[in-house]
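A quick write-up on the structure given underneath.
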Amino acid sequence: MGHADHEQQAQAAITQAIRCGVLTISDTRTADTDTSGAAARALLEEAGHAVVAYALAKDEPAAIAAQVRAWAAGECQIIITNGGTGITRRDSTFEAIDGLLEKRLPGFGELFRMLSYEQIGAAAMLSRATAGLHGNACVFCLP
């Protein structure tokens, strides 16, 4: 496949909705108070993507990993988690997801922290945002 073929394939893919899942990890949020999950879903839909899965999970590694595995084995192409990436005792998203990733995108976390630093300063270093591939899905872990 030549350059022109790759470019044509990429353009065709852009016009197709990406099937996304949004997982909010929190011990305290409910569907009514999950503003970050609602914002993620709205932004994805505004960009023309399909949010095919949404859930809330307690900050329990086994539950987080099970949900991501199920969505990745299903129809989700992109899985976005929000919450649980900090450094408190209950923050376990990084550990739950890092163990699932078959390929990591280390630059994502660094870029996320750099952009966050411009907005919130040194507190950006407390985020363990990460991304990578699990099965056929790209997984992005956001604060």
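The values are calculated or read from the model by the stated rules, or taken from the named source; none is laboratory data. Source: prediction; values computed, not measured. Don't worry about glycine lacking a Cβ; one is built from the backbone with ideal geometry, like all the others, and counts go over all protein chains shown. The protein model used for the area step is the full one, side chains on, heavy atoms only, and it has no ligands, DNA or RNA in it. Shrake-Rupley method; radii C 1.70, N 1.55, O 1.52, S 1.80 Å.
Can you go through G99, G74, G83 and tell me which one is within 20 Å of L133 (Cβ to Cβ) and modelled with pLDDT under 95? Even if it seems obvious, please write down each step before you answer.
Details: G74 fails: modelled with pLDDT under 95; G83 fails: within 20 Å of L133 (Cβ to Cβ).
G99 is the lone residue from the list that is within 20 Å of L133 (Cβ to Cβ) and modelled with pLDDT under 95.
So, in segment 72-106, exactly how many residues are within 19 Å of S127 (Cα to Cα), open to solvent by 50 Å² or more (accessible area, probe 1.4 Å) and among the small types (G, A, S)?
1
Considering (1) in contact with a helix residue (DSSP H, G or I) (Cβ under 8 Å, 6 or more places away or on another chain); (2) surrounded by fewer than 12 Cβ atoms within 10 Å (Cβ to Cβ), say which one H3 fails and leave the rest.
(1)
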